[in-house]
1. Checking the condition out of contact with any His (no Cβ under 6 Å at 6 or more places or on another chain), in contact (Cβ under 8 Å) with a residue 12 or more places away in the chain, over 23 Å from residue 54 (Cβ atoms) and not acidic (Asp, Glu), which residue from 124, 95, 128 passes?
2. Only residues that are modelled with pLDDT of 85 or more, small (Gly, Ala, Ser) and part of a helix (DSSP H, G or I): list them for region 205-221, please.
3. Determine which single condition residue 110 fails, assuming it passes every other condition in (1) closer than 18 Å to residue 4 by Cα; (2) touching a residue at least 24 places away in the same chain (Cβ under 8 Å); (3) among the hydrophobic types (A, V, I, L, M, F, W, C).
4. Going residue by residue through region 403-416, is there one that turns out to be under 16 Å from residue 140 (Cα atoms), more than 31 Å from the chain's Cα centre (by Cα) and surrounded by fewer than 21 Cβ atoms within 10 Å (Cβ to Cβ)?
5. If you go through region 377-420 one residue at a time, how many are without any contact (Cβ under 8 Å) to a residue 40 or more places away in the chain, of a type in the set (D, E, K, R) and assigned to a helix (DSSP H, G or I)?
6. I need a count of the residues in region 79-102 that are open to solvent by 30 Å² or more (accessible area, probe 1.4 Å) and out of contact with any Ser or Thr (no Cβ under 6 Å at 6 or more places or on another chain).
7. Being basic (Lys, Arg) and either touching a strand residue (DSSP E or B) at 6+ places or on another chain (Cβ under 8 Å) or in a strand (DSSP E or B) (or both) is the filter here, so list the residues in region 42-65 that pass it.
8. Yes or no: residue 39 open to solvent by less than 40 Å² (accessible area, probe 1.4 Å), part of a helix (DSSP H, G or I) and among the β-branched types (Val, Ile, Thr)?
Amino acid sequence: MIEELRIHGLGVIDEAVLELGPGLCVLTGETGAGKTMVVTGLELLLGGRAEVAVVRAGTRRARIEGRIRLPPGPIRDEVASLTDTAGGDVDEDGLILARTIAGQGGSRAFAGGASVPVSVLSQLCQPLVALHGQADQLLLRQRGTQRRALDNFAGPEFAALLADYRRLYTRLRDAERRLASAVSATRERALETDQLNHGLTEIQAVAPQPGEDVALLAEDIRLSHADTLRVSAESARHALSGSGEAEHGSDALLMVANARAALDEARLHDTEAGTLSDRLAEIGYLLADASAEVASYAEGLESDPQRLAWVQGRRAALGGLTRKYGETVDEVLVWSREAEGRLRELEASEETEAGLSKEVSQLRGELSALAKELTRLRVLAADALAGGVTDELSALAMPHAALTVAVTKRDDEAGLQIDGQTLAFGADGVDEVEFLLRSGSGATARPLARGASGGELSRVMLALEVVLSETDATPTFVFDEVDAGVGGKAAVEVGRRLARLARTAQVLVVTHLPQVAAFADHHYVVVKADDGSVTSAGVVALDDDGRVRELSRMLAGQEDSATAAAHARELLASSRLDR
């Protein structure tokens, strides 16, 4: 529960401290005294939007601090974990929160002594405090808010089932996105497959071998110049070893042999001459080998027009491949291997598409079963919620009013198949929830969005909270203007219902009705100073005598009126008996 609220520099509030107790806490005061600023301070502390206009004139910044005692159990564990993650600490006395709004713009938030993003305040306070004001009454007109109220009432079994449904829904949407992507790529994949198969067919028909283009080029050149090469080879052979007749004795072998013979004669007189003779002998051997190879080369240089034509045709075939798939035959072969790998990937993509289609179908089937069970539980909860709220409305001076919680569905060709129908669905199932209010016995039930006045909405809101409190573990409820448009006997019943709600939670109510204030466990009044501000002494916790004076003021506008005081005492006594 909220134990303490400190406000500085907010609207008309210069400095105020509100120490709250358990049960029903009522805040009253003259119109414009600053009650609304207390609620505004709470909203800011809970992570609400900050506006520079709320900063008190002449003040550098507004500051709101609050101490919240955490209930034992899961809520405390959750809040402690969030606070620790944000860098703050939860002590034995609870959680300290703070919010500052600078007069020049900008705001800061603190939790457990650490500076945190404002959004963290919202996360921390969401399970701790439920704040209801006029804006929440407007939200109650929205179907989304109505569905969430019904789902909260439906209990833990429903909550667990809804969590399972949402996890499956997320999986389905992901699978559908992947399937849609795969299907959209089908045409591109088919085109790419055809292109790759055509290329591989061309390559396989030619069957190129590694390095074949290089070898064929050399052979083409050699065959194209066979006559020229043969003449050159014959000339070289004659120069090395003569024609065989040695008529002139000018071939290289003969000249080397003569030179060697001349040096051999001098070997006996000089060892260097012998060395030179040996070197000439080696040269002679090399020349003889070269001569034999040249002769063999010349003999192999025969014109072969047929072979030349085949080589040139083969080169043309390979050229057709290198123009499309690579600059060389080796690159063509690399393209071929990569194309085969890509085709395997494309085939796998087709298998993936089939697998995704099967997965989507299976997930839709499972989701349909969960959605059907959600509907069953929602219908049961809707009947119970409508009955409970209708009973409460009867006690709130709306004896002929009735709330109906309609659970409906919409057809959608792309929806879930349930019992022969194809229904629209979302993250919360296939159901649409709408609250309908029949304000009188002869009236037609109409949606809250169109058929409820402000006062009726206030009472519907309160009735809902009373009924929902049976399943809601929120420690603190804050109501601002919950009694708008209410008076007389209805006001007494509003106070009685708030007191009932306060049996299991702390309830803070800002009210202008003495019938409501009379039910308070703790009564606080906001008083302005002479200069129009609320100072540190401006928020007062009232004792019994103070309550009589304040209720007298609220009843008759006169704190010292004996008649009003008597009426105030009667209200207090009556409220004690009712409780």
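The values are calculated or read from the model by the stated rules, or taken from the named source; none is laboratory data. Just so we're clear, the structure is a prediction, and the values are computed from it rather than from any experiment. Cβ coordinates were reconstructed from backbone atoms using ideal geometry, including for glycine residues, and neighbour counts include every protein chain displayed. Each accessible area value is taken on the protein alone, full model and side chains, heavy atoms only, with ligands, DNA and RNA left out. Shrake-Rupley method; radii C 1.70, N 1.55, O 1.52, S 1.80 Å.
1. Exactly one residue qualifies, and that residue is 95.
2. Listed by number, the residues that qualify are 205, 215.
3. (2)
4. yes
5. So the answer is 2.
6. 13
7. 56, 60, 61, 63
8. yes
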